[in-house]
Every structure is written in C-alpha cells, then in structure tokens.
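The values are calculated or read from the model by the stated rules, or taken from the named source; none is laboratory data. Because the structure is predicted, anything quoted here is derived from the model rather than measured. Counting neighbours? That spans all protein chains shown, and the Cβs are built from the backbone with ideal geometry, glycine included.
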Amino acid sequence: MNQEFMQALEQIEKEKGVGKEILKEAIEAALVSAYKKNFGSSQNVDVSIEDETGDIRVYSKKTVVEEPENDFIEISLEEAGKISPTARLGDIIEFEVTPKNFGRIAAQTAKQVVVQRIREAERGIIYDEFINRENELVNGMVQRWEKNNVMIDLGRVEAVLPSTEQIPTEDYSPGSRIRVYIVEVKKTTKGPQIIVSRTHPGLVKRLFELEVPEIHNGLVQVKGIAREAGARTKIAVYSVDENVDPVGACVGPKGVRVQSVVNELRGEKIDIIKWSTDVHEFIANSLSPAKVVDVSTVEEQKSAQVVVKDYQLSLAIGKEGQNARLAAKITGWKIDIKSESQVKENTDDIQPDEDLDDDEMMEKDE
C-alpha cells in the first residue's frame, strides 16, 4: 500500500461516513490474521500502517527469557541485547519481520476489509434512518413476490410486506406504486429488515394526517381506530376547539379529504364518528350510519343495550355483524342491539296483569 491508499481512506471517510482511523485499525487487525495464516500462526505480532506513506510494517513481539522454550514468543537475553542493548529479563522486545512479498497480501486484505466496513456502515446508516421512521408512512414500489411475501423497494433498501399484513382484495403487481406503514425495523447480520403493513390501523391514521390539516396541527385528535382491512374502518375523532367540527374537517369540502383516503385504501369504507366523554353518546355515535334511539349501560360489565328503529336494525348490525363488531371494538364495550319492536315485546312479556285481583291471578297461574 502507499500514500494514494491513505488518501483513498480519507475520501471514503468523506463520502461514506466511515472514519479513516476506524478503517485503519480494522485493516491492521485483519493484516495480523493474514500474516499468521501465511507466515506462522504461532507468532505474536503487531501490524502498523504509517499515516504519511501508507507503508506497512510487521513487528514480532517476544518476551526476554534466559532459555527460550518457544522461539515464536520468547527470545534469549543475548539475542535481545543485539536488538536493544537495554533489554532485561521479562521485557517484551519488538523487531520488524515484514516479509518481502507481504505487500500483495496486504493490498488484497485491505480491500476486503474496506469493502466490508463500507457495507456495514451503509447498513448502519440505513438502520438508523428507518428505526426513527417506525409507525410512519413510506412510498415504495412493488418489486417481486417471495413465497407469500411481497418485497417493496423503498429506494435504498427493500421492505417486506408479509402475508399477514396484506389485504386479500388488493393486487400487488410488480412495478406498481404503493404506500405502506412501517411496523418494525430489525437489525440483522444481512442488514436492516423492514416490516411494513397495509392492514395496520396506523396506516389509516397517517393517511388522515396527510389529508386533514386540523389533525396534522393537533386541532383535531384521532381518539381511536377500529379496522377490518379491505372492508371497513371506523375512526373516532375529537376537536379541542368547540368551533371546529371534527367529523366535517375529516370529511372535507364535498368529501374530498375522506375520498382521498378511501382511494388510497382501494375503496375501503370509512365511518368517521365523533368521540365523546359521554359513554352513551359515544356508543350511539359508534353505530353510525345507523341512528340510535336509546342507550342503556351496565358499568360493572361494561356492556350496553342499544335501541334502534325497526328499519334501522340491519343497518346498525351491518353485513355479517361488521358494523356492530367495529363499534364494540372502537368503544371497548359489549353492545347488544335491539329494535323498538323487540324491546316492546320483551316488555309486554314481563308486564303484570294489573286488572286482575289476587284470586284471578292465582287461577291464571294454575
């Protein structure tokens, strides 16, 4: 190696962010291993690279003893005196043992170390970048399928969209653009592994933050999201300003804001409901688009009975119970939905016959 190589290390430091001294120390350590492998594995040696010239020198280190038993690590006092007149028993003597043909081995080893360290540094930079972007949205391009997983190109790195995070109704064709939600970033020996999702409720939240300025600046808050990905989502919103309608803000002029989110989710239905500290009101809102007549709750069991108009019953329950299921999920309450007719029937069944006297009541019971 030579001065040009040292200048190359400085250039790498500037462009790749890998410190020159770190590279130098790594090369020196690798050269020790290379020397032992090629010129004697039992020797105790150090390798030094001069900063100015880039010259490499190998130094053998031996302990001064009276009678050496191992010539690789020990040296007699007489021989040590030829190297250093002041040598004493127990001292460690260093002397150069650089082989004539060590330059070729050194250059090859140094190249391998530099390439490896650059790769490690780049992986570290990518990991540091994406670990801070967990729970965020990123744009990518569908690259290919690997078994049941979809590989997403994020530019500097590929992300994995596992089968469990995919929406069955969506088409992930190679080359198509897609927005995904970063669920987790793992550090592995092969570099950072980025797990992304299309089903996570956080995806809906981030999309609304992009489309609704009031959410982005904190004027409107997202209090909860219940989602059955690909089919329907309920999002509960609240305004810290009484003059701002949280539902209207999310819907946007002529529904343009919510429609943008729906388009990104490939037609997934979205119910935007107003969050409330009043449990009865919140439960009633959660069953939107159905209109609720009455809500009664049992606090200890965290259960609620909801009454709706007869013609609203199927709407409140939803297809295959989806609306009721999402309402229960977003509120955290068990919800039993009844129509007015069902409630009236139950009331009639337990209504006592007030017009009968005691004898008639007994006869009726018999």
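State yes or no: is S84 small (G, A, S) and in contact with a strand residue (DSSP E or B) (Cβ under 8 Å, 6 or more places away or on another chain)? Lay out the reasoning, then the answer.
Details: small (G, A, S): yes; in contact with a strand residue (DSSP E or B) (Cβ under 8 Å, 6 or more places away or on another chain): yes.
When the stated conditions are applied, S84 passes them.
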Exercise for the section: Filter region 144-168 down to the residues that are of a type in the set (K, R) and not in a strand (DSSP E or B), then identify the one that is surrounded by the fewest Cβ atoms within 10 Å (Cβ to Cβ). Expected result: K147
Problem - Failed item in (1) under 30 Å from I125 (Cβ atoms); (2) touching a residue at least 40 places away in the same chain (Cβ under 8 Å), with E94 passing the rest - result: (1)
Completion exercise
All conditions in (1) closer than 19 Å to M6 by Cβ; (2) basic (K, R); (3) modelled with pLDDT of 85 or more are true of R57 except (3)
Exercise for the section: Evaluate region 182-190: report whether one residue or more is without any contact (Cβ under 8 Å) to a residue 60 or more places away in the chain, under 30 Å from I118 (Cβ atoms) and in a loop (DSSP other than H, G, I, E, B). Expected result: yes
Problem - Failed item, numbered, when K291 is tested on (1) at pLDDT below 95; (2) in contact with an Asp or Glu (Cβ under 7 Å, 6 or more places away or on another chain) - result: (2)
Handout entry: Residues (of a type in the set (V, I, T) and either farther than 23 Å from K82 by Cα or touching a Leu at 6+ places or on another chain (Cβ under 7 Å) (or both)) located in region 23-68
Key = I27, V32, V47, I49, T53, I56, V64, V65
Problem - Matching residues in region 61-99 - criterion: being at pLDDT below 85, β-branched (V, I, T) and within 27 Å of A34 (Cβ to Cβ) - result: I73, I83, I93, V97, T98
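Table: residues versus (1) under 16 Å from C250 (Cβ atoms); (2) outside the structural domain of E120 (by TED's automatic domain parsing); (3) surrounded by 18 or more Cβ atoms within 10 Å (Cβ to Cβ).
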| site | (1), (2), (3) |
| --- | --- |
| G175 | no, yes, no |
| Y181 | no, yes, yes |
| T189 | no, yes, no |
| P192 | no, yes, yes |
| F208 | yes, yes, yes |
| V212 | yes, yes, yes |
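Residues are listed down the side, and each one gets a yes or a no for (1) exposed (fewer than 12 other Cβ atoms within 10 Å of the Cβ); (2) on the phi > 0 side of the Ramachandran plot; (3) more than 53 Å from the chain's Cα centre (by Cα):
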{"site": "K61", "(1), (2), (3)": "no, no, no"}
{"site": "E66", "(1), (2), (3)": "yes, no, yes"}
{"site": "E69", "(1), (2), (3)": "yes, no, yes"}
{"site": "F72", "(1), (2), (3)": "no, no, no"}
{"site": "A80", "(1), (2), (3)": "no, no, yes"}
{"site": "T86", "(1), (2), (3)": "yes, no, yes"}
{"site": "E94", "(1), (2), (3)": "no, no, no"}
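To keep it simple, each residue is scored yes or no on (1) touching a helix residue (DSSP H, G or I) at 6+ places or on another chain (Cβ under 9 Å); (2) surrounded by fewer than 21 Cβ atoms within 10 Å (Cβ to Cβ); (3) part of a loop (DSSP other than H, G, I, E, B); (4) modelled with pLDDT of 95 or more.
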residue	(1), (2), (3), (4)
V196	yes, no, no, yes
G218	no, yes, yes, no
Q221	yes, yes, no, yes
R227	yes, no, no, yes
T233	yes, no, no, yes
G248	no, yes, no, yes
V258	yes, yes, no, yes
R266	no, yes, yes, no
I273	yes, no, no, yes
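In this structure, is V32 in a helix (DSSP H, G or I), of a type in the set (V, I, T), in contact (Cβ under 8 Å) with a residue 12 or more places away in the chain and under 30 Å from R123 (Cα atoms)? Lay out the reasoning, then the answer.
Numbers: in a helix (DSSP H, G or I): yes; of a type in the set (V, I, T): yes; in contact (Cβ under 8 Å) with a residue 12 or more places away in the chain: yes; under 30 Å from R123 (Cα atoms): yes.
Taking the combined requirement at face value, the residue satisfies it.
Tell me, yes or no, whether region 152-165 has at least one residue that is touching a residue at least 60 places away in the same chain (Cβ under 8 Å) and either among the hydrophobic types (A, V, I, L, M, F, W, C) or under 30 Å from V256 (Cα atoms) (or both). Step through it out loud before you land on a result.
The first filter runs over region 152-165 and keeps only residues touching a residue at least 60 places away in the same chain (Cβ under 8 Å), leaving none.
No; the residues of region 152-165 include none that is touching a residue at least 60 places away in the same chain (Cβ under 8 Å) and either among the hydrophobic types (A, V, I, L, M, F, W, C) or under 30 Å from V256 (Cα atoms) (or both).
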Exercise for the section: Of the numbered conditions (1) of a type outside the set (D, E); (2) crowded, with 16+ Cβ neighbours inside 10 Å; (3) touching an Asp or Glu at 6+ places or on another chain (Cβ under 8 Å); (4) without any contact (Cβ under 8 Å) to a residue 40 or more places away in the chain, P201 fails exactly one; give the number of that condition. Expected result: (3)
Practice task
Please identify the pairs in which a residue from region 275-297 that is of a type in the set (D, E) has its Cβ atom under 6 Å from the Cβ atom of a residue that is part of a helix (DSSP H, G or I), counting only partners at least 6 apart or on another chain.
Solution key: none
Exercise for the section: Looking only at region 96-112, count how many residues are assigned to a helix (DSSP H, G or I), in contact with a strand residue (DSSP E or B) (Cβ under 7 Å, 6 or more places away or on another chain) and loosely packed, with under 12 Cβ neighbours inside 10 Å. Expected result: 0
Problem - Verdict on V240 being within 30 Å of S197 (Cβ to Cβ) and touching a Pro at 6+ places or on another chain (Cβ under 7 Å) - result: no
